[in-house]
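Contents: one structure, followed by commentary.
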Amino acid sequence: EMCIRDRYSRAYKFSSQKGISEVIAINFFAGRTGRITPVAIIKPIFLGGVTIQNVTLHNLSEVKKLKVTPGCLVELKRAGDVIPKIERVTKHSSNTLNIPSECPACGGPTVEDDKFLMCNNSDCEAKHYENLLHWVKTLEIKGFGDELVN
């Protein structure tokens with residue numbers, strides 16, 4: 001339990017529930033900016049009222065910092081009781097993580113840019129799809145969503 005004070009008010013926040021699960025695989029997905037995001041596929045775990053199977057690892061540097069590989073056991077929590085987050089690896093695996101040299105969407109070459117893995121193909125279909133989907137969601141057009149964009 002944590003207390004946050006501000007001038008004349010107080011807010012009490014309870015610490016997030018934690019659990020341990022095994023990483024089955026780490027998949028990579030291309031986004032609208034060309035960033036390729038790693039996502040850990042874990043054995044389903046019931047945590048804080050929901051079943052969690054996928055946990056975003058945000059970027060390549062996060063994967064390297066945590067040393068997450070398929071087969072390892074990880075401690076999870078739901079940040080803000082919403083977003084699943086890997087806190088740490090509790091048991092390492094002898095498996096290695098293959099960082100893709102090709103974009104998972106278009107097959108174009110990837111480049112490690114600072115802490116991100118990027119797709120360099122300007123004609124990447126994932127970039128076009130995600131950009132159009134982002135634009136449609138921004139306009140809030142009724143009945144125009146993922147399937148129609150696809």
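The values are calculated or read from the model by the stated rules, or taken from the named source; none is laboratory data. In this text the structure is predicted, and so the values were computed from the model without any measurement. Methodologically, a virtual Cβ is constructed for each residue, glycine included, from the backbone with ideal geometry; neighbour enumeration extends over all protein chains shown. Just the protein is used for accessible areas: all its heavy atoms, side chains included, with ligands, DNA and RNA removed. Shrake-Rupley method; radii C 1.70, N 1.55, O 1.52, S 1.80 Å.
Would you call Lys67 touching a His at 6+ places or on another chain (Cβ under 9 Å) and among the basic types (Lys, Arg)?
Criteria met by Lys67.
Candidates in the range 7-36 are the residues that are open to solvent by 100 Å² or more (accessible area, probe 1.4 Å) and aromatic (Phe, Trp, Tyr); of these, the one that is modelled with the lowest pLDDT is Tyr8.
The residues in the range 91-150 that are in a strand (DSSP E or B) and either of a type in the set (A, V, I, L, M) or open to solvent by 70 Å² or more (accessible area, probe 1.4 Å) (or both) can be counted, and the count is 8. The set of residues in the range 54-75 being open to solvent by 30 Å² or more (accessible area, probe 1.4 Å) and part of a helix (DSSP H, G or I) consists of Ser61, Glu62, Lys64, Lys65. Would you pick out the residues in the range 100-150 that are in contact (Cβ under 8 Å) with a residue 12 or more places away in the chain and aromatic (Phe, Trp, Tyr)? Scanning the range 100-150 gives Phe116, Tyr129.
Checking the range 76-87 against the condition returns a match, with at least one residue being outside any strand (DSSP E or B) and open to solvent by 90 Å² or more (accessible area, probe 1.4 Å).
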